[in-house]
C-alpha cells in the first residue's frame with residue numbers, strides 16, 4: 001500500500017467537461033433561476049424582523065395598472081400602491097385623500113376639488129429630475145381621460161361614460177384645482193371616485209413603461225413596488241414619504257398566491273403567513289363552529305373577523321324567458337319560492353352562520369339606507385307558500401313542469417338545499433351545472449330561466465344594487481329583464497335627490513316593490529370571513545371587503561409593537 005508521501009507525489013489528472021453552446025445556455029438558465037431563489041430567500045430573511053405583513057390571496061394578480069382594477073385580486077394590491085381624490089372610511093363615509101377639500105354646485109353638475117400640495121409619486125426612473133415629483137391637477141385629468149380612452153380599453157370606463165359632460169368633462173385650471181363636469185346630476189358620483197379605477201397615475205410612467213406599466217406601477221400610496229414574481233409573490237415596501245403622517249405602520253407587504261385556501265389556512269396555523277380570507281367546505285368546520293365563531297381549539301392562534309359585506313346572493317328569474325305558460329312568470333309562484341326557503345337553516349348548515357338571511361329587500365345590511373322594518377321581506381312560511389301555489393292554479397305542485405335551476409359547482413350545495421325544500425312543497429327542481437363564464441354568457445343572452453347569481457356593490461350607495469333592475473339597463477346588469485314603470489320612476493328620482501333622508505325613502509320604496517314583484521329569490525346578505533394571526537392588529541372592518549394595510553401593525557405576546 002502506498003504511503004502518504006508517495007500519494008502526495010503522485011500527479012493528479014483533472015478532467016473538464018466540454019460544454020456545448022446549448023449546454024451553456026441551459027446552465028445559464030438554471031443559474032439565473034437559483035439567483036432568483038436566493039434573492040427571494042434573502043428577502044424572506046429580511047422579513048424575519050416581523051415588520052412585514054404577509055398575506056395570501058387565492059387568485060393571481062393580472063395587472064397592477066389601476067385601469068384594470070376590476071376584480072378583488074387586483075383591487076387589493078392597487079389600493080396599497082395608489083390613491084384617488086377621495087377615500088372611504090370603514091363606515092363608508094367619503095373622506096379626503098389627494099383632494100383636501102371639494103364642493104358640489106347646487107345643480108349637482110360641477111365638482112370642484114382642491115388638491116393637497118404634499119402628495120408625491122413614488123421615486124422611479126421614469127422621472128428625470130430627482131426621481132419623483134408632486135401630484136398636480138393635470139395628473140388627475142390625465143388619469144381620468146385615460147380610463148375613457150378606447151385604446152386603453154379599461155373595464156372601468158363605465159364610471160365616467162354617460163355620466164360626465166361630452167365637452168370639457170375634466171378641467172385643470174391650476175396646479176391644485178381640478179373640476180369635473182357631469183352631463184346630468186348623479187348623487188352617488190362622489191363615492192364612485194373612491195374606486196381604484198380612479199387612482200391617479202403619472203403620465204411619465206405610463207409612457208416610459210408602455211405595456212409593461214402593468215408590472216411597473218408608480219403611484220402615491222402607502223407602499224411602493226419592490227418585486228413581482230407572477231403567480232408566486234408580490235413584494236411591496238413602505239413609502240417613507242407617504243402624505244398621511246404616521247402611515248403605514250409596517251415596513252413592507254408580501255402577498256402570496258396560493259390557490260388552495262386550505263393550504264393558506266394551514267400556513268396561517270403554522271404562523272408562516274399573517275392573513276387570508278374566504279371559506280371553503282374543506283376546512284370550515286375545523287376553523288369555525290356552527291355558531292359562526294372561531295373554533296376554541298384555534299382561538300389561541302387565529303382571530304376571525306366577520307362583518308357586513310355589500311354583496312347580495314340571490315336566485316334570478318328571467319321574466320322574459322319562454323312562453324306565457326312558464327310558471328316562473330306567475331308572481332304568486334315567485335312569491336311561493338321565496339316563502340318556501342329557510343334561509344337561517346341554509347346559512348347554519350352550509351356557511352356556519354357566516355351571512356345574514358335576506359329577509360328584507362335586495363340592498364344588503366351595511367348600507368345606511370338599509371331598514372328591514374321599512375322594507376320587510378320574506379321569511380320561511382311553507383303554509384303561505386302552499387297557499388300561493390294553490391291560488392296560482394298549482395295545488396301541491398300539481399301541473400307544474402320541471403323547473404331547471406342553473407348554477408356553478410361552487411354553489412351546487414346551496415341550490416341543492418333550496419331544491420329539496422321546494423320539493424317538499426310540490427315543486428320539481430332540476431339543477432344543471434355550468435362553468436362560471438358559460439353561465440354568465442347564458443344569462444347575458446337570456447338563455448336560462450332560473451339561475452344563481454350575486455351582486456357586489458361597486459360604490460357605497462344603494463343605487464349600485466337598484467341598477468340591476470332598471471329597465472333601461474341591458475344584461476348585465478339586468479339579467480332578470482325586470483321592467484316596471486314605477487320602479488324606473490323612483491330610480492330616476494333618486495339619482496337627482498341630494499337630501500340623504502329623502503333619497504333613502506325612495507330606495508326603501510324600490511325595495512318594497514322588488515319584494516312584491518319577486519324577480520329574484522332573496523337568499524342572504526354576505527359577510528366577510530377574514531382570518532389573521534393573533535399578533536395582527538389594525539385590521540379594518542368595512543362592508544366593501546377592502547384590505548386596508550396602511551393601519552395594520554403587529555404585536556408580540558408582551559404587547560410590544562413588532
(request) Report, in degrees rounded to the nearest 10, the 0 to 90 angle that the Cα long axis of helix 21-46 makes with the longest principal axis of the chain. (result) 70 degrees
(request) Rank by packing, highest mean first: peptides 78-90, 250-262, with packing defined as the count of other Cβ atoms within 10 Å averaged across residues. (result) 78-90, 250-262
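With a/c under 1.5 counting as rounded, go ahead and sort region 205-314 into rounded, prolate or oblate using the C-alpha gyration tensor (a ≥ b ≥ c being the square roots of the eigenvalues; past the cut-off, prolate if a/b is larger than b/c, else oblate).
Values: a/c = 2.13, a/b = 1.92, b/c = 1.11.
Prolate, since a/c reaches 1.5 and a/b exceeds b/c.
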(request) Set the Förster radius R0 to 25 Å, insert the Cβ-Cβ distance between residue 62 and residue 282 as r into 1/(1 + (r/R0)^6), and round the FRET efficiency to 0.05. (result) 0.45
(message) Output the 0 to 90 degree angle, nearest 10, between the alpha-carbon long axis of helix 72-81 and the longest principal axis computed from the alpha carbons of the chain.
(response) 50 degrees
(request) Take 516, 492 and order them by how many other Cβ atoms sit within 10 Å, fewest up front. (result) 516, 492
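Counting other C-beta atoms within 10 Å, which of 349, 480 has the fewest, and how do the rest follow? Could you put the intermediate results ahead of the total?
On the way: 349 14, 480 24.
Ranked by crowding around the Cβ, least crowded first: 349, 480.
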(message) Per DSSP helix of 4 or more residues, -39500 (n - 2.57); summed, then divided by the residues of the chain. What does that give at 222 nm, rounded to the nearest 500?
(response) -8500 deg cm²/dmol
(message) Test of understanding: ordering 524, 53 by Cβ neighbours within 10 Å, fewest first, what list do you get?
(response) 524, 53
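We did not get these values from a lab; they are worked out from the coordinates using the rules stated. Bear in mind the structure is a predicted one, so any value in this text is a computation, not a measurement. For neighbour counting, all protein chains shown are included, and Cβ atoms are generated from backbone atoms with ideal geometry for every residue, glycine included.
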